[in-house]
Every structure is written in C-alpha cells, then in structure tokens.
Amino acid sequence: MLRRVALVVACGLAAFRLRAEDPPAPPEGFRWKQVASVKAAFLMPEGWFFQEERKGDIRAFFISKENIAKGGEFATGLTVNVVKLKEGSVLERARTVIAQYAQLGEVQKLWEEENGALQLYGARIHVTKDPPLFTEHLLAIGNTRTNTLYIVLFESPDASWDEAWKKGEVMLGNFLLDDEF
C-alpha cells in the first residue's frame with residue numbers, strides 16, 4: 001500500500017497518509033519520478049537529472065541539478081538509498097545512520113515521527129568536516145513490516161543552499177513509499 005510521506009520541515013514533524021496508487025498532480029515546475037525498483041515516487045524538478053544504480057543489496061538513485069552521467073558527481077540534489085536488511089533492527093540502523101551523519105558537522109535540527117510500520121528519523125546538518133561547506137537534510141526511514149531502510153538526503157553547498165532548498169523542501173515534503181516493499 002502506498003503511503004504519502006508529507007514532511008512539515010519547518011516544524012520538524014512528519015505525517016504519513018494513505019494514498020492511491022496514482023500520485024496527485026505535481027506542484028508547478030515538478031514532475032513525479034516513479035522508481036519501480038523500490039515501489040516509490042519522488043518529485044523531480046523540471047530540467048533536473050535522474051540516475052539509478054544498484055550495488056549489492058543497496059538500490060540507489062539520484063535526482064540532481066547537475067548531470068551525474070557527464071561529471072560523475074553533483075553538488076545539489078537528492079540521494080536515496082534503499083536496502084532490505086537481512087538481519088538486525090531497521091530502527092536501530094536508522095538511528096545509527098543519523099548519528100553517523102551528525103558527526104560530519106553541526107546538527108541544526110533533529111526529530112523523529114512514527115506512523116504505522118514507518119518510523120522516520122530526521123536531521124539537518126551543516127557539514128563542516130571537509131570543504132566546501134554544505135548543508136544536508138537527511139531522513140532515515142525504517143519500515144518495521146519489511147525491515148527496509150530508506151536513507152533520503154538532500155544536499156547543496158552553503159553558497160546556494162537557500163535557493164536550492166526551495167526545491168529540496170518540496171521534494172522532501174512529498175514522496176510516496178509502498179509500505180509493503
């Protein structure tokens with residue numbers, strides 16, 4: 001069953017609501033990117049790029065302002081890693097992910113929210129370990145029904161964060177996950 005993940009970033013709260021299989025109309029300047037391999041859909045800004053990879057048990061995809069296929073990396077964009085854990089607690093792993101990322105710099109916000117099988121841990125981190133300085137908005141979502149971990153990360157250099165976050169907030173504010181995956 002698809003659940004809509006609606007994240008209210010300003011308050012640091014998240015809510016999960018049931019959704020039909022077809023996503024709602026996207027906001028102006030965005031389109032839905034269906035990711036069949038993980039039964040999810042994310043908002044993608046018009047003119048941005050998509051790339052999907054699989055390494056071992058990890059499915060990864062990227063929605064980026066820069067074309068990864070040309071440069072091999074990006075400065076502004078969304079990264080999603082999805083892994084079905086074979087052992088261990090998905091909730092413990094999600095908390096560990098947040099703690100590991102928090103070591104990269106200054107934690108500006110930290111929160112958690114739960115709805116049914118989905119438990120969300122979130123953080124905004126100003127990364128100061130390695131120049132150039134940048135900001136990350138990170139979600140670690142554990143699906144206790146399927147033991148699946150979703151790591152959803154939007155990042156951008158500090159110099160362009162305010163402008164980039166206008167798109168990132170929309171992207172992280174609405175996406176669809178199938179809680180049966």
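Please determine, by comparing only the residues of the stretch 136-181 that are in a helix (DSSP H, G or I) and under 19 Å from Ala36 (Cα atoms), which one is modelled with the highest pLDDT. Top of the filtered list is Met171.
For Leu133, the conditions (1) of a type in the set (A, V, I, L, M, F, W, C); (2) more than 28 Å from Lys86 (Cα to Cα); (3) touching a residue at least 40 places away in the same chain (Cβ under 8 Å) are fulfilled apart from (3). For first residues located in the stretch 24-49 and closer than 21 Å to Phe74 by Cα, partners that are acidic (Asp, Glu) and lie 6+ apart or on another chain with Cβ distances below 8 Å form the pairs Gly29/Glu46; Phe30/Glu46; Arg31/Glu46; Val35/Glu52; Phe49/Glu66.
The set of residues from the stretch 113-124 being within 14 Å of the chain's Cα centre (by Cα), within 20 Å of Gly168 (Cβ to Cβ) and not basic (Lys, Arg) comprises Leu120, Tyr121, Gly122, Ala123. Among the residues of the stretch 111-134, just one is touching a Pro at 6+ places or on another chain (Cβ under 8 Å) and in a strand (DSSP E or B), namely Phe134. From the list Ile141, Ile98, pick out the single residue that is buried (at least 18 other Cβ atoms within 10 Å of the Cβ), within 17 Å of the chain's Cα centre (by Cα) and within 16 Å of Ala40 (Cα to Cα). After ruling out the rest, the residue left standing is Ile141.
Taking the criterion of being over 21 Å from Thr148 (Cβ atoms) and either at pLDDT 95 or above or crowded, with 16+ Cβ neighbours inside 10 Å (or both), the residues of the stretch 112-135 that qualify are Arg124, Ile125, Val127, Phe134, Thr135.
The values are calculated or read from the model by the stated rules, or taken from the named source; none is laboratory data. Fair warning: this is a prediction, and the values are worked out from it, not measured in the lab. A quick note on method: Cβ atoms are made from the backbone with ideal geometry, for glycine too, and the neighbour counts reach across all protein chains shown.
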